[in-house]
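Heads up: the structure comes next, in structure tokens.
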Amino acid sequence: MKTVLHVEDNEFNRKIVRHLLGRTSYRLIEATDGEAGVTTAREALPDLVIMDIQLPKRSGLEATRELRAD
């Protein structure tokens with residue numbers, strides 16, 4: 001089963017993605033800020049990361065750069 005990490009601070013947007021992916025075979029995991037997104041990605045090693053740009057604690061751009069450097 002493929003895993004998708006959705007990093008998003010807006011609950012409504014997370015709910016939409018949860019609903020859309022709930023109809024698929026993908027496993028969805030979520031994080032609500034950039035720091036948690038980086039930590040979760042390193043631990044879970046998802047197949048895909050959907051990253052918001054404007055996030056608390058660490059921007060999505062900064063978090064993506066950090067993950068790419070890994």
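Restricting attention to the chain, which trypsin sites (Lys or Arg not before Pro) occupy a DSSP loop and are surrounded by at most 13 other Cβ atoms within 10 Å?
Values: sites: Lys2, Arg14, Lys15, Arg18, Arg23, Arg27, Arg42, Lys57, Arg58, Arg65, Arg68; in loops: Lys2, Arg23, Lys57, Arg58.
Of the trypsin sites (Lys or Arg not before Pro), the ones in loops of the chain whose Cβ has at most 13 other Cβ atoms within 10 Å are Lys2, Arg23.
When Rg and Dmax of the Cα atoms in Å is computed from the coordinates, the matching label among (i) 11.4, 33; (ii) 10.9, 36; (iii) 16.8, 51 is (i). Per residue, the chain exposes 67 Å² of solvent-accessible protein surface, assessed with a 1.4 angstrom probe and all protein chains in place. Using a probe radius of 1.4 angstrom, the carbon and sulfur fraction of the accessible surface of the chain is 51%.
Farthest towards the positive end of the charge dipole of the chain, among the residues Pro46, Gly22, Thr3, is the Cα of Gly22, using unit charges on the Cβ of Lys, Arg, Asp and Glu. Relative contact order of the stretch 1-40: 53 percent, from C-alpha pairs under 8 Å at least 6 residues apart in sequence. The magnitude of the dipole of the chain, with charges of +1 and -1 set on the Cβ of Lys/Arg and Asp/Glu and taken from the Cα centre, is near 300 debye.
Considering only alpha-carbon pairs that sit under 8 angstrom and 6 or more positions apart, the relative contact order computed for the chain is 39 percent. The calculated 222 nm mean residue ellipticity attributable to helices in the chain amounts to -13500 deg cm²/dmol, summing -39500 (n - 2.57) over DSSP H runs of n ≥ 4 and dividing by all residues.
The values are calculated or read from the model by the stated rules, or taken from the named source; none is laboratory data. This one's a predicted model, so the numbers in the text were calculated from it and none came from an experiment. We place every Cβ from the backbone using ideal geometry, glycine too, and count neighbours over all the protein chains shown. Each accessible area value is taken on the protein alone, full model and side chains, heavy atoms only, with ligands, DNA and RNA left out. Shrake-Rupley method; radii C 1.70, N 1.55, O 1.52, S 1.80 Å.
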